[in-house]
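The values are calculated or read from the model by the stated rules, or taken from the named source; none is laboratory data. Predicted model, so just to flag it, every value in this text is computed and none were measured. As a convention, Cβ positions derive from the backbone with ideal geometry for all residues, glycine included, and neighbour counts pool all protein chains shown.
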Amino acid sequence: MTLSSNGKTNFSLEIPTIKFTKLFINGKFVDSISGKEFETIDPRSGEVIAKIAEGTKEDIDVAVKAARVAFDDGPWPRMPGVARAKILTKWADLIEQNIEELAALDTIDAGKLYSFCKAVDIPGVAGTLRYYAGAADKIHGEVLKPARELHAYTLMEPIGVVGHIIPWNFPSTMFAAKVAPSLAAGCTMVLKPAEQTPLSALFYAHLAKEAGIPDGVLNVVPGFGQTAGAAISSHMDIDKVSFTGSTEVGREIMISAARSNLKPVSLELGGKSPILIFDDADVDKAAELALLGIVFNKGEICVAGSRVFVQEGIYDEFEKKLVEKAKAWVVGDPFDPKVQQGPQVDKKQFEKILSYIEHGKKDGATLLTGGKRVGNKGYYLEPTIFSNVKEDMLIAQDEIFGPVMALMKFKTIEEAIKSANNTRYGLAAGIVTKNLDIANTVSRSIRAGIIWINCYFAFGSDIPYGGYKMSGFGRDFGLESLHKYLQVKSVVTPIYNSPWL
Amino acid sequence: MANLILDSSFVKIPTIKFKKLFINGEFLDSVSGKTFETVDPRTEEVISKIAEATKEDVDIAVKAAREAFDFGPWPRMPGAERAKIMMKWAGLIEQNIEELAALDTIDGGKLYSWCKTVDVPESANILRYYAGAADKIHGEVFKTSRNLHLYTLMEPIGVVGHIIPWNVPSVMFFAKVAPSLAAGCTMVLKPAEQTPLSALFYAHLAKEAGIPDGVINVLPGFGSTAGAAISSHMDIDAVSFTGSTETGRRVMQAAAMSNLKPVSLELGGKSPVLVFDDADVDKAVDLALFGILHNKGEICVAFSRVFVQEGIYDEFEKKVVEKAKNWVVGDPFHPKVQQGPQTSKVQFDKILSYIEHGKNEGATLLTGGKKIGNKGYYIEPTIFTNVKDDMLIAQDEIFGPVMVLSKFRTIEEAIKKANNTKYGLAAGIVTKDLDIANTVSRSIRAGIIWINCYFAFDTDCPFGGYKMSGFGRDYGLDALHKYLQVKSVATPIYNSPWL
C-alpha cells in the first residue's frame, strides 16, 4: 500500500477562498437569527476551513415563509416549463464556468478526489440541471377512459414547498439530484446541506441567484440534523421532504413527518450491496471492479459493493489479485493527481470504521490486508479486506461506510442469490458474468433497486435510482423522480351528446 | 323534520356463513380464541360473533403471505393467468350480489339498493379493470449518455398490508386488493371491526375462484391490536391505509419505527362545493344535498362545506332546506329510504356532539340537528348557516349528515375559502362558465375536482389526497405503483450501431 503526500501542503495553492459562509434565504446571504456559527473541517488535516452561519428552527421558519410566498404567489410555478428551463440552463452554464473552484470546495470539505470532482461530480451537476430543464415542459397528465359519460383528466401539479436534506458524501451530486427535478416541477424549497459539507451548496445558491432563480424559490440553510433538519421534517408548512442519508436518521424524519402534518417523504438510505462474481469472469477485471466498488470515494457511498461473493472456481486467483491491487492502492492528499483515495470525511466516521475493523478481527474474520490508519494527520485509512466472513457477523450485516470489504465464497447460483439477499438493505448489486441466463436470472432474483452487470457505479441522469427494503423508497434521477415533487389532481365533468367515449 | 321509515317488510337478513379468520386458504379461529360482536346499526342488535385477530394471528398470516410471495405461484405467473383468476372471482361476485349487498347493509347501515346496484357490481368491475392491466405492466428502456444498455423492471413490492375503513366495505376491499393482486403481490387485509362480513365472504369466493392459498389473508380485528401489528410488522413490505387522519398518523409512525416500509394514506376531508351564480339552482341543491347525505355523510369526499354565490344564495337556501326536510331517513332495506343509520354508536355520538358545538359556537341551525326515533343510529339531515370559517364545524371532519352553508361574492373569495382547510381531498364546482371551471379547478388544492357532478368515481380515474388528506392514489393505473418497485438494470454495451 503506497502512501502519497499525506496531509502535506504541496497543494495549498488549490485551496479556494471561502466566499459564501452565510444562510441563503429569500435571495440574500444572511446571518442566522441566533448569530450561531459552526466550523467546517478539512479532513486532510483536521483543521478548520471556515466558520459557517448555523441555521436553527427560527431560520428554517423564515426560509419556509419565503418559499411559501414564492410558491403561492411568486412567478416560479406560474411560469411555463420552458421559461423555468431557460433559467436552469443558465445556472448550468454558470456552474460550468466555475468547475475548478466548486471541485476544490468539495475536496477540502469532504476529502473527495479533486480530479474526480472536476471531471465528473461538478459537470454532473450541470448535466442533471440540463436534463431536468429539458423535462420541465414535458410534464404530462392524462385524459382518461371512464365507463360513463364523463370527461376526466389528470393534472400533474407541483406539490408545493419541499424540504431537502442531503448528505455529505456527494455534496454536489446530491444537491443537483434533489434540486433539479423539484425546480423543474415548479416547486420551491428549503435545502439543508450536511454540516460536514456546506461549502459548495452555498456557492450553488449564489450562482442560482445570478442565473435568475427568483428570490425565495431556493433557500439553503446549513445546520445540524437535530436542529435544522428536525425543523424541516416536522414543519407544518412544508409539503414534502426528500432525504438521503443514514437509515437511523431516515426513520426519525418519517416519524416527524407523520407527527406533524403527514407530509409524504422519500428516503434514500444505507446499503450493504453485494457483488457476485461468477466462474466465467475475467479475474483481473473482476478484481479491479470489486476493489473500486469498495474504495471509490473512500467507501463513503451508499451503493458501495461492501460484500463480495466469488464463485469457488476462481476464488483463490481472485483473492490473490485483489489483495495485490489493494496493497498498491494510493492513499493521500486528494488534490494529488496520483492519489486514488482521500481521507474519510471526519473524525466520527474515521473512528466508526476503525471500530468495525476491530469487530471484524474479534469476530474471527481473517484480515487479508489493511486495517490501519495511514499517517498521523488527517483521517486516512488503508483499503481493508476481510475473508472467512460469516454472513451474520457485524461486518457482513452493518453498513460500515468506509474502505472495508467482506470477501466470501459461493458454490452455486442459488447460494449466491440467497447470500446476496441476506441483508435488510436493498440498494444496489453487481453481477460479473458474460452468461446471458445467469445475468437475467440473477438480476431478477436480487432484491435491490439498481443492478449493475459487468460494471459498477453506472449512474446517469436518465437512470432511476433508489432502494428496496430498508434502503428506502422513492427514486432519484430519471423522469421517475419528478413524481416525488408532483401531485395528481383528477378533474371530472359530465359530457352530453358525445359522438364517442 | 325528515321522514322516518322503519317498516321492515323489505328487510332481508342473510345467514352469516363466514365468521372466522381467513389465513392460508382456510377459515380458522384466532389463536387466542377471542371473538367480537358486529352490530346492526338499524337496531343496535348483535348480528354475529366474529373471530378476532390479534398480533399472533397477524404473524401467522404474514408468514403465509411471505411464503406465497417468495415461493408460491402467484408472482411467478404471467399477468394473463392472474387475470384469468381475478376475472373468475369477479364472475362469482356477480353471482352473489344480493347476499353481499345485504351483508354491507346490515353491517354498515348502507342503502341496500345502492349496494346492490353500485357498490357490489363496482367491486367486480374493479377486479376486471386490474385483471386487464396485469399483463401490461411495463418497465422502460432508457437513453443513456454512455455505452450502456439500461432498463427498468417494475417488480411486485412483496407482502402488502391493507387496512380498510367501514364506510364502503366492498369497494375499499377491491380498491386495495385488485391492483396489488394484479401487480403480483400477496397480502394481509384487516377489514374494519364495524364491517367484517362482506370481506370474509369475498375471501371465500377468492378461494373458489382459484386464488392460491396464502395470497390473500383476511383478518378481522381492531386497529389498536391487529392494525398496529400490520403497520409495525418487520416482514410486511408496504402498507396501504384508508381511514381517519389520526389513525393514518399512527400507521406512518409505526411503519417508520419498524422496518421503514412505504405507506400510502387516504385520510379525511372537509371538501367544499362552490356554486356560482349561473347554476341551475334546483340541480345545484340536489347535488349539494346528495354531496352531504349520500351514505349518511360517512364519505371522505363528502361536500361538507357548501359555498353559494350571493346572487342565488337566498333561493338556494330556501330550496335546500325544503329538500332536506323531505329527505327520507329509515331502514336501508326499504326502497323509498334515502338515508340509513350511522354505522355505530361512536359515530352517532360524535356527530351529535359536533351539532351541539355548532349551536354553542353560534351558527344558525336551519334544519335537522336531532336524532330520529329511539332505536338505531338515525340522525336528521342537518344544515348550519352563518358559520365562521374558524368554527369547529367548518374545520373538523364530522363524517355525518351535517352541512355547513355559506355565501361568497367573488371567485377569489370562493377559492380562498375553499382552500382554507388542512384537508385537500375533493372539491365541487357548479358552473357552466368555461373560464371559471378551468381557473377554479386549478386553484383548489384537492386531489379530485368534480365539475357539475359529485362522487363521479371511475376505475380509470386516480383518486387521493392533497395536504393532510394523505398521499398516494387509488384507482387508475397510478394505483399499481403503490404495489410495484422500480429496479434499474445496467450493462455496458460494445460496438453498438446507435445509442
Taking the options B:340, B:368, name whichever one is over 24 Å from residue B:429 (Cβ atoms), in contact (Cβ under 8 Å) with a residue 60 or more places away in the chain and touching a Ser or Thr at 6+ places or on another chain (Cβ under 7 Å). B:368
State yes or no: is residue B:158 buried (at least 22 other Cβ atoms within 10 Å of the Cβ) and more than 28 Å from residue B:91 (Cβ to Cβ)? yes
Taking the condition of being surrounded by fewer than 22 Cβ atoms within 10 Å (Cβ to Cβ) and either more than 19 Å from residue A:366 (Cβ to Cβ) or in contact (Cβ under 8 Å) with a residue 40 or more places away in the chain (or both), how many residues in segment A:313-338 meet it? 11
Every listed condition ((1) surrounded by fewer than 22 Cβ atoms within 10 Å (Cβ to Cβ); (2) farther than 27 Å from residue A:260 by Cβ; (3) in contact with a Phe, Trp or Tyr (Cβ under 7 Å, 6 or more places away or on another chain)) holds for residue B:475 save (1)
If you scan segment B:37-56, which residues turn out to be more than 22 Å from residue B:163 (Cα to Cα) and outside any loop (DSSP other than H, G, I, E, B)? B:45, B:46, B:47
Which residue, of A:324, A:248, is within 14 Å of another protein chain (Cβ to nearest Cβ), in a helix (DSSP H, G or I) and either of a type in the set (Ser, Thr, Tyr) or closer than 30 Å to residue A:110 by Cβ (or both)? A:248
Would you be able to say whether some residue in segment A:435-454 is surrounded by fewer than 24 Cβ atoms within 10 Å (Cβ to Cβ), facing chain B (nearest Cβ under 9 Å) and on the phi > 0 side of the Ramachandran plot? yes
Evaluate segment A:166-181: report whether one residue or more is within 14 Å of chain B (Cβ to nearest Cβ), assigned to a loop (DSSP other than H, G, I, E, B) and aliphatic (A, V, I, L, M). no
Single residue of B:46, B:58, B:62 found to be at pLDDT 95 or above, farther than 24 Å from residue B:344 by Cβ and not acidic (Asp, Glu): B:62
Just name the residue that is farthest from the other protein chains (Cβ to nearest Cβ) out of those in segment A:460-472 that are part of a loop (DSSP other than H, G, I, E, B) and in contact (Cβ under 8 Å) with a residue 24 or more places away in the chain. A:467
Report whether or not residue B:387 is of a type outside the set (Ser, Thr, Tyr) and in contact with a helix residue (DSSP H, G or I) (Cβ under 7 Å, 6 or more places away or on another chain). yes
Condition check: among the acidic types (Asp, Glu) and part of a loop (DSSP other than H, G, I, E, B). Does residue A:316 satisfy that? no
Among the residues listed as A:189, A:156, the single one being touching a Gly at 6+ places or on another chain (Cβ under 6 Å), hydrophobic (A, V, I, L, M, F, W, C) and part of a strand (DSSP E or B): A:156
Looking at the structure I just gave you, is residue B:23 aliphatic (A, V, I, L, M) and within 25 Å of residue B:206 (Cβ to Cβ)? yes
Could you check, for segment A:477-491, whether at least one of its residues is more than 23 Å from residue B:238 (Cβ to Cβ) and in contact (Cβ under 8 Å) with a residue 12 or more places away in the chain? yes
Any chance segment A:273-287 includes a residue that's under 30 Å from residue A:252 (Cβ atoms), in a loop (DSSP other than H, G, I, E, B) and either within 18 Å of the chain's Cα centre (by Cα) or touching a residue at least 24 places away in the same chain (Cβ under 8 Å) (or both)? yes
Which residues, counting only those in segment B:105-127, are β-branched (Val, Ile, Thr) and away from chain A (no Cβ under 14 Å)? B:105, B:106, B:120
Just one listed residue, out of A:490, A:481, is surrounded by 23 or more Cβ atoms within 10 Å (Cβ to Cβ) and assigned to a helix (DSSP H, G or I), and it is A:481
Identify, please: which residue in segment A:133-156 is more than 8 Å from chain B (Cβ to nearest Cβ) and in contact (Cβ under 8 Å) with a residue 60 or more places away in the chain and is, among those, surrounded by the fewest Cβ atoms within 10 Å (Cβ to Cβ)? A:149
Of everything in segment B:458-499, what is under 30 Å from residue A:433 (Cα atoms), out of contact with any Pro (no Cβ under 6 Å at 6 or more places or on another chain) and within 7 Å of chain A (Cβ to nearest Cβ)? Give them in sequence order. B:485, B:487, B:489, B:490, B:491, B:492
Only one of B:314, B:349 is modelled with pLDDT of 95 or more, within 23 Å of residue B:40 (Cα to Cα) and out of contact with any Phe, Trp or Tyr (no Cβ under 8 Å at 6 or more places or on another chain), namely B:349
Would you mind stating whether residue B:455 is among the aromatic types (Phe, Trp, Tyr), facing another protein chain (nearest Cβ under 9 Å) and either touching a helix residue (DSSP H, G or I) at 6+ places or on another chain (Cβ under 9 Å) or surrounded by 21 or more Cβ atoms within 10 Å (Cβ to Cβ) (or both)? no
Would you check if residue A:211 is over 18 Å from the mean Cα position of the chain (by Cα) and crowded, with 24+ Cβ neighbours inside 10 Å? no
Would you check which residues across segment A:473-501 are under 21 Å from residue A:273 (Cβ atoms) and facing another protein chain (nearest Cβ under 7 Å) and list them? A:473, A:475, A:480
